[in-house]
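Undergrad: Supplied in structure tokens, the structure appears directly below.
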Amino acid sequence: MKKFIILEDSIGQRIDKFLCEKFDISFVISQKIIRQKKLKVNGSRVDANYRLEDEDEITLYTELVDRIVRVKKKPFLSPEKIKKFDSYIIYEDEGMAAIDKPSGLAVQGGSGIQFCVDDFASAKGWSLVHRLDKDTSGVLLLAKNKETSKKLLEGFKNKTINKTYEAYIYGSLNKDEGVISIPLKKKAVRGIEKVYPDVEEGKEAVTKFKVLARYEDYSLVELKPITGRTHQLRVHMKEMGCPIINDIKYGGRKVARADVGSNMCLHAKTIEVDGKYINSQLSLDY
């Protein structure tokens, strides 16, 4: 049997969709796996419409996982590609590594993704413990063994691991610093899944912000997520009337800035783990 512990931003996701994203397979195959009882959640069978909850543990038959991976055909990682990935490593000890992920590199596979961080990590026997959006750059942690993976996952859950981001935002916030508390929920509207504010059914989402600099029509801000919801920083800035520059999904065409390129201007600057600060060597200027 092979077990997976879900990451926080998978909470609330249907189990069939989780399998699609985890293994880059179709809904037909994912529902067949569930229907044929090849999967358990917390030791019990579930239906395809089951939604993942905090601390859920997913178990799959190992031979099934191996079969899926063979069908998926893992991408060939040339020595040059491995060397390029190794150049992203900014910290490493016996239990974990941290990379400076560039904007445009996906963390996990999916439709249209040729290579992702998970491919390189798997080749090294490492594992993901959190995520960054494809277009978000900066510090990303990887666990090198099961013990460290469990410790880091607990750290993110218990909020003992602190993350600090920087972002260029459209316009200017009214206050120099403060706290944003707006519950969020994933919703599919006209077939497009996005995250929306939802006071009644949304999950708690809290962000601390501090304005670092104000310019004519945009600002530089520091953002510290207290919770770790999907697209939290992006939606919170949008709800404050100051969407992140080049975040077309939430800000629309008005936030497109050709003078700073096409990268979304959100950057994971620092992660604090057990009192150790791991700082990105990249910047929003790329």
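Rule-based calculations on the coordinates, nothing more; no lab input. Predicted model only: the values in this text are computed from it and were never measured. No Cβ is skipped: glycine too gets one built from the backbone with ideal geometry, and neighbour counts run over all protein chains shown.
Undergrad: Report, in deg cm²/dmol and to the nearest 500, the calculated mean residue ellipticity at 222 nm for the chain, where each DSSP H run with n ≥ 4 adds -39500 (n - 2.57) and the sum is divided by the residue count.
TA: Theoretical 222 nm ellipticity from helices: -6500 deg cm²/dmol.
Undergrad: Could you give me D for the chain, from Stokes-Einstein at 4 °C and 1.567 mPa s, where the hydrodynamic radius is the Kirkwood radius over C-alpha pairs? Units µm² s⁻¹, please.
TA: Taking Rh from Cα pairs, D becomes 65 µm²/s.
Undergrad: Another question about this same structure. Only four residue types carry charge here, +1 at the Cβ of Lys and Arg and -1 at the Cβ of Asp and Glu. Report the dipole size of the chain about the Cα centre in Debye, rounded to the nearest 20. Write down the numbers at each step before the final one.
TA: Working: 51 positive and 42 negative charges, 233 e Å.
Approximately 1120 debye in magnitude.
Undergrad: Sticking with this structure for a sec: With N set to the number of residues, divide the alpha-carbon radius of gyration of the stretch 142-243 by 2.2 N^0.38 Å and report two decimals.
TA: 1.22
Undergrad: Considering every Cα-Cα pair within the stretch 88-187, what fraction, in whole percent, is farther apart than 19 Å?
TA: 53
Undergrad: Among 116-128, 161-173, how do they line up by average Cβ neighbours within 10 Å per residue, starting with the highest? Working shown, then result.
TA: Numbers: 116-128: 17.8, 161-173: 20.8.
So the peptides 116-128, 161-173, ranked by packing, come out 161-173, 116-128.
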